[in-house]
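The values are calculated or read from the model by the stated rules, or taken from the named source; none is laboratory data. Quick caveat: nothing in here was measured; it's all calculated off a predicted structure. Don't worry about glycine lacking a Cβ; one is built from the backbone with ideal geometry, like all the others, and counts go over all protein chains shown.
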Amino acid sequence: MKFQKRPAVIRNILLFCILSLFYLLVIESLEGGVSALDLNAFISFLRGNWTLLGFLAATFLSVYFCIAVSPYIFLLFCIFVLFQSIGFSASGLNKLVLVLNFLYSIVSYNFFLFLRLELEEPFFNPNSPQNILEGYEMKILPVRIKQNGKTLEGYLTNWGENGFFCSYGSPEEKVRGRVSVETDIEGYTFHCIGEVISERTGGYGVRIISSPVPSLGWSDFYGIISEMGYRSAFKA
């Protein structure tokens, strides 16, 4: 799976992971009575916390590549940071440290929830095994992706309120960024604007950005196929 663009949630969590390192530096500086901006103190901090750096690297990479278990790796990393901050505190009961840890735990847990929800979106999940993507037989929900005069015709393999993943029959064609999307059902055509988020051989994941008014849009299409009982056939 390749990712053309990582959503804001992913980018913010990556930034939060890096800032967690500086958060621990600030906690240690408060207890040591030195400036958190001291370069020598920062270098010394890094040299003395190889386990933390390794955990940070593992968490950063898992989130960056949107691995399915990355929310739980991220949560474990945040718990590790909290325990480290308590260890840096001389008494472990410093009121300022307790308040900062409480705020950190709230923010990190919300990021965990956002990341878990984000990775459940259909544009991250083809919902069909890699070895049968091109020969997938359930082609009852066609889709057309248009960009700069070229059109990719395919069919949906996974879908949700915010987007979809589709397989297409022209692997030599490539699209990136914002695209126009058309879907058909029961003789009606639905229009929307999307953004390509991910891709794999013969397939694209698209996040829905908007739907032209007053044309029928993605929300109308998704509501209709849900009422008709259409479900993606495979689980990743």
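Of Glu118, Glu137, Glu173, which residue is in a loop (DSSP other than H, G, I, E, B) and either at pLDDT 85 or above or out of contact with any strand residue (DSSP E or B) (no Cβ under 9 Å at 6 or more places or on another chain) (or both)? Give the steps one after another, and end with the answer.
Numbers: Glu118 fails: in a loop (DSSP other than H, G, I, E, B); Glu173 fails: either at pLDDT 85 or above or out of contact with any strand residue (DSSP E or B) (no Cβ under 9 Å at 6 or more places or on another chain) (or both).
Checking each option against the conditions leaves just Glu137.
Across the stretch 55-98, what is the number of residues that are in a loop (DSSP other than H, G, I, E, B) and either surrounded by 14 or more Cβ atoms within 10 Å (Cβ to Cβ) or at pLDDT below 90 (or both)?
10
Would you mind stating whether Asn101 is modelled with pLDDT of 85 or more, over 19 Å from the mean Cα position of the chain (by Cα) and either outside any loop (DSSP other than H, G, I, E, B) or not assigned by TED's automatic domain parsing to the domain that holds Gly223 (or both)?
yes
With respect to Arg231, determine if the residue is modelled with pLDDT of 85 or more and over 20 Å from Lys2 (Cβ atoms).
Judged against the criteria, Arg231 is not a match.
Cβ-Cβ under 8 Å, sequence separation 6+ or interchain: first residue in the stretch 185-209 and basic (Lys, Arg), partner part of a strand (DSSP E or B) and at pLDDT below 85. Which pairs?
Arg200/Lys2
Out of (1) touching a strand residue (DSSP E or B) at 6+ places or on another chain (Cβ under 9 Å); (2) at pLDDT 85 or above, what's the single condition that is false for Asn110?
Only one criterion in (1) touching a strand residue (DSSP E or B) at 6+ places or on another chain (Cβ under 9 Å); (2) at pLDDT 85 or above is unmet by Asn110, namely (1).
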